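Have a look at the structure below before the remarks.
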Amino acid sequence: MELGKPDFNYLPFKVHNNVVYLAGQLAKENGLVKNLGRVTDQISIFEAERQIKICAQHAFSWLEIAAKDNNCYIDSILDLKVYISCNKEFDGISKIADKASEFFINKLGDNGRHPRSVLALTRLPQNAPVMIDLRASLKLK
């Protein structure tokens, strides 16, 4: 899977004091977010879960690049924020976010466990249904 490059003038990540600050990750496939809109209005829950896993994959790939560039390895996920575009009646945002959390736990074991915030919004950048951002710690090799 090809990583989505930033569309504008910002960095995909920044490392400061062995903490990686990751930019928001959309579920880009071949450079584009497919299947746009709000969850349950235009996007099924199944599709939102698929896209949140892609967001997590992209995030992890950027973390690997950050670790390699700094002669480190990924130590742990410090926190995760999950954003879901949906209508005000939808109450399944945490279940969608669980798919991203599961991804990091599967990759890092207990070090992938993290505090998490889940936010419902009416619209995300590029009309994407889901987005994540996170912070992670690195350790020198």
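The values are calculated or read from the model by the stated rules, or taken from the named source; none is laboratory data. A quick note: this is a predicted structure, and the numbers were derived from the prediction, not measured. Here the Cβ positions follow ideal geometry from the backbone for every residue, glycine too, while neighbour counts run over all protein chains shown.
Annotations
- When segment 17-48 is filtered for residues that are part of a helix (DSSP H, G or I) and surrounded by fewer than 21 Cβ atoms within 10 Å (Cβ to Cβ), the ones remaining, listed by number, are ILE45, PHE46, GLU47.
- Considering the conditions (1) farther than 28 Å from LEU140 by Cβ; (2) at pLDDT 95 or above, PHE13 is excluded by exactly one of them, (1).
- Search result, residues across segment 14-41 that are farther than 23 Å from LEU63 by Cβ and in contact (Cβ under 8 Å) with a residue 24 or more places away in the chain: ASN35, LEU36, GLY37, ARG38, VAL39, THR40, ASP41
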